[in-house]
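A short write-up of the structure that comes next.
The values are calculated or read from the model by the stated rules, or taken from the named source; none is laboratory data. Remember, predicted model here, so these are calculated numbers, not experimental data. Note: ideal-geometry Cβ built from the backbone for every residue, glycine included; neighbour counts use all protein chains shown. Quick note on the areas: whole protein, heavy atoms, side chains included, nothing else; ligands and nucleic acids left out. Shrake-Rupley method; radii C 1.70, N 1.55, O 1.52, S 1.80 Å.
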Amino acid sequence: MSAQKLKPSRVLGGLIGLVGFSVLAGVLVTAMVTPAIAVTSATAQGSINVFENLPDTIKIGEPSQQNQILGYRGGVPTLIATVYQQNRIVVDDANVSPFLKQAAVDGEDRRFYQHGGVDVPSIARALVRNTTQSSSGQSGSSTLDMQLVKNILVQNAFTTLTGKAQTAAIAAANGATIDRKLKEMKLAIGLDKKYTKNQILLGYLNIVGMGGQTYGVESAAMQYFGVHAKDVTLPEAASLIAIVQQPVTQNLSDPKYYAANKVRRDEILAGMLSAKNITQKQYTDAVATPIASYVHLTPANNGCRTAPNAALAGFACDYAIKVITAPDLSNVSGAAPIVASLGSTPAQRIANWNHGGYKVQTSIDLDLEATAQTLLNQQAPPSEARFALGAAADTVEVGTGRILAMAQNKQFDDAGVAPGQPVDITKTAVNYSTDQPYGSSTGFPTGSTFKVIDLSNWLATGHGLNDVVNGKGPQNYKNSNFTWSCAPQMETSAPFTMNNDGGSGGGSMTVKNALINSVNNAFMNMAEKQDMCGIRDTAVAMGVHLAKMVDPNPKLKTPQTNPISMVPTMILGVNAVAPLTMAGVAATVGAGGLHCDATIIDSIVGPTGQKLAGQAKTCNQAISPEVAAGDANAMVGSMTGGTSTAANPRDGIAIAGKTGTSPNTDQDWVMGTTTKTATAVWTGNVQGTIPLIKYTNPITRGNYYSTSRFNILRGIQKQANATYGGAKAFPVAPASMLAGSSATVPNVVGQTATQAQTVLTSLKFQYTNGGSEPSALPAGRVTRTDPATGSKVATGSDVTVYTSDGSLATTMPNVVGLTRQVANATVASNGFDPNKIAYNWVPGNAQPGQSDSVCIVASSNPAAGASVAKTAAVTLTVYGKPDGSAPPPGQCPN
């Protein structure tokens, strides 16, 4: 039934509702709600007084909906998981079957199109029935308007309140009290005045409970029948509306409820027949249709654990949600970029997420993810019970930080262990790939993968790959051997002896060969010529931070970063870092020294279809392109004839890599990068320190230490290379990186002075504050350096940094419609140079007083509202003579 014009009876109903109902309410509602109570004049008058003072407006609004997490498969957005507080998909009128609309009206409120929100005759009939029948046989009189009001009140409590306040508000909305019924009626009258009948009906069909956590006809149709609400048949529509009367006992989730549903379904069908909205044949066929014939249950999977792709991308899904709902980590180095489009504060983001309706497009490549998952399950079996074997692999896009794969050798499961049940070692809620706030992992010692950072600092501080160092082992060291420019931050350590991997010798070797063969003592000797604090700062610039990134001290008002452990052996990877972080380190080399924070959320579509931004791309020039080329030169050697060789796909794409191993071989790493993608693989003990070299993989028959990590990375990068490509060679390392003759001034323009100082000092430059100067950049941002960006200078040279005073920043005023002279004055008053104003004349109207009259400004470049420098040129497009020529001087009005 389509919406009808307001009939006289509906006008009368509304009039009675607003005028006469104030008189009737006390008697009718008191009797309806409490039929056993004698209706005295005092009771009636009290109800009338309450009614007069009740609010009369309510908004339909957008109810809570499900969220969707998506990845890409074959480049096409693909659902990973559905996450919701309430399983609801809001649809518009065109996507609801007419059968559903007719069934709702004929089954729940036959006078829906006649009354004004409250059906007084129905109340009267209910009064008669309820005063003569027991409570079990009493009749209701709630219109669709009133039912919608109750659902809105419940929904508002659900989405805006928490705890006891939420419970109380929901109870109040559902309570069988006179005051509640009066409030519901008056709000229904107001609802009927504010919205059309079609809007009210659609609002009802989108909000109503359909059993369990399922709400609205679209989600119910998908769950119970596997079709959209617009495609349901007549008996299906009647069955759905039958649920709303008793959602617990008449839903279609279990055959034991079918009989009760059929009774109500057939009543609704009879009502539709009586109202002549269906034919006798339609009715006969529908009541003869067994419910079991059209119920095709689709499990309402909620969350990353129960999603169809949970076994494939459960951890990536969970990480994306935690990024959205993370607490305020703005003071914490290494925190994931926030999703500002969902709110400026954590509370706003959480509230919007819980309200739902968002489609979150992640960067996850499900094809690559599947490859990674298969390799992890094979090379680090989840069922390994001899020791607590964990493994993770993370692939990021070089130059952007987009996470393409996040996988580990366990299935995501955040359900916990039921009392008395054994622990399933193949499942966990701990995300080994991420930092503690995003997955509860505290990271793993990186081993010699950290040597890439040591090498970066070595090359940036005037040394070269061909420098010769002593790699002989073992050697003895103490703190005094090393330089600590940040001495107050230094952590003390006792003298110690350092062996090379496997107790091997080493002797004199080039720094390049030291990296290729991962010689510990060679890097300790290099460190004696470096500043340990500089190495730390280079690590930070390349994104390194502890996975246990937040200081748990409860006395701190805001979270603080746990600093990297400052001991001499930090250069050999004693700090516990997340695999995702190390993938970013490798990608920094592949991107020519550009480090980008890892992001997983590409974009979002909001509840009303609006396109929202995902995580912002946040990058910094951590090391110079020349240093990155030097790193790659040595790391390619590691992949072609060094410790990383077994991980090389050998597919024609240049790959640079580095291995890492703890002294006890209880933690193993390998990372690699091309110019397009970078991957870090970790295998090791989640608990304990059992050497991986001790055990053989029961599936591959290979040793965990010597095979697993290499096989995982090789397989992942082979597919990544096939999909995303990569250069056949890295940029050639300049002579300065080989011989160590100079350093390059990095690009710090646009950074804050503090950020610029951190980068420059980490690269061993001397920082000098050159003061502020006029600029259109925001105040405090770096405008230039002297020597300029890219200049080759001696290591340790002084670099003067100049910052903006913001004085040249202005906004282009709106001058459209003004005369040329007034526009000139307006532009000049905003700080622009009048001598830089040019004109573009277009044909105008010779008649004065028109919008296109001669000398009236038609448009401007820059456009109105644009943020520009005061030194920028301005072009005004002005209406001239009809032929488009400029009018004679002096003929333009003021």
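Structure above, values below:
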quantity: The chain, accessible surface, carbon-and-sulfur percent (1.4 angstrom probe); calculated: 54 percent
quantity: Which of Thr683, Asn697, Val749, positive extreme of dipole for the stretch 650-755 (C-beta unit charges); calculated: Asn697
quantity: Degrees separating the helix 579-590 axis from the principal Cα axis of the chain, which is the longest one; calculated: 60 degrees
quantity: Percentage, to the nearest whole number, of Cα pairs in the chain over 41 Å apart; calculated: 54 percent
quantity: 0 to 90° range, to nearest 10: angle between helix 346-355 axis and the chain longest Cα axis; calculated: 50 degrees
quantity: Probe 1.4 Å, all protein chains present, accessible-area order of Val423, Val227, Val244, Val511, largest first; calculated: Val423, Val227, Val244, Val511
quantity: Separation of the Ser867 and Asp883 label points, Cα + 7 Å toward Cβ, nm; calculated: 4.6 nm
quantity: FRET E, pair Thr608, Thr162, Förster distance 30 Å, beta-carbon r, rounded to 0.05; calculated: 0.75
quantity: Vicinal HN-Hα couplings computed from phi for the stretch 89-98 (Karplus, 6.51 cos²θ - 1.76 cosθ + 1.60; Hz; Gly/Pro x); calculated: 10, 6, 10, 8, 4, 5, 9, 10, 4, x
quantity: Kirkwood-based Rg to Rh ratio, the stretch 408-498, C-alpha trace; calculated: 1.17
quantity: Student exercise, the chain dipole from Lys, Arg, Asp, Glu Cβ charges, in Debye to nearest 20; calculated: 1220 debye
quantity: Label-point gap, in nm, between Asp285 and Ala311 - each point 7 angstrom along Cα→Cβ; calculated: 4.1 nm
quantity: The stretch 310-417: proportion of alpha-carbon pairs further apart than 19 angstrom, %; calculated: 54 percent
quantity: Residue-averaged [θ]222 nm for the chain, counting only DSSP H segments that reach four residues, each worth -39500 (n - 2.57); calculated: -10500 deg cm²/dmol
quantity: Tyr839 long-range amide H proximity, modeled H, under 5 Å; calculated: Leu876
quantity: Rh (Kirkwood; distinct C-alpha pairs) - the stretch 444-489, Å; calculated: 13.2 Å
quantity: Rounded accessible area of His228 (nearest 10 Å², 1.4 Å probe); calculated: 80 Å²
quantity: Degrees, to the nearest 10: 234-243 long Cα axis against longest axis of the chain; calculated: 90 degrees
quantity: Accessible surface, 1.4 Å probe, highest first, among residues Ser122, Ser772, Ser644, Ser253; calculated: Ser772, Ser253, Ser122, Ser644
quantity: Kirkwood hydrodynamic radius over Cα pairs of the stretch 786-894, then Stokes diffusion coefficient at 10 °C and 1.306 mPa s, in µm²/s; calculated: 99 µm²/s
quantity: For the chain: relative contact order, % (alpha-carbon pairs under 8 angstrom, 6 or more apart); calculated: 10 percent
quantity: Those lysines that a straight Cα-Cα span of less than 26 Å connects to Lys451, excepting residues fewer than 8 apart in one chain; calculated: Lys472, Lys478, Lys512, Lys529, Lys548, Lys658, Lys676, Lys694, Lys718, Lys728, Lys764, Lys792
quantity: Per-pair calculated FRET efficiency, R0 = 30 Å: Thr345 and Asp179 via Cβ, rounded to 0.05; calculated: 0.25
quantity: Centre separation in Å (Cα based) which lies between the stretch 268-291 and the stretch 149-205; calculated: 31 Å
quantity: Average silhouette area of the stretch 158-203, convex hull of alpha-carbon atoms, in square nanometres; calculated: 4.0 nm²
quantity: Column: log10 I(q)/I(0), Debye, Cα scatterers of the stretch 544-685, q = 0.09 Å⁻¹; calculated: -0.36
quantity: Separation in nanometres of the label points that stand 7 Å from Cα toward Cβ, at Thr754 and Lys194; calculated: 4.7 nm
quantity: For the stretch 649-725, fraction of C-alpha pairs farther apart than 20 Å, in %; calculated: 36 percent
quantity: Within the chain, longest stretch clear of exposed trypsin sites (Lys or Arg not before Pro) (DSSP loop, no more than 12 other Cβ within 10 Å); calculated: 60-275
quantity: FRET efficiency for Ser440 and Ser508, using Cβ-Cβ distance with R0 set to 41 Å, rounded to 0.05; calculated: 0.35
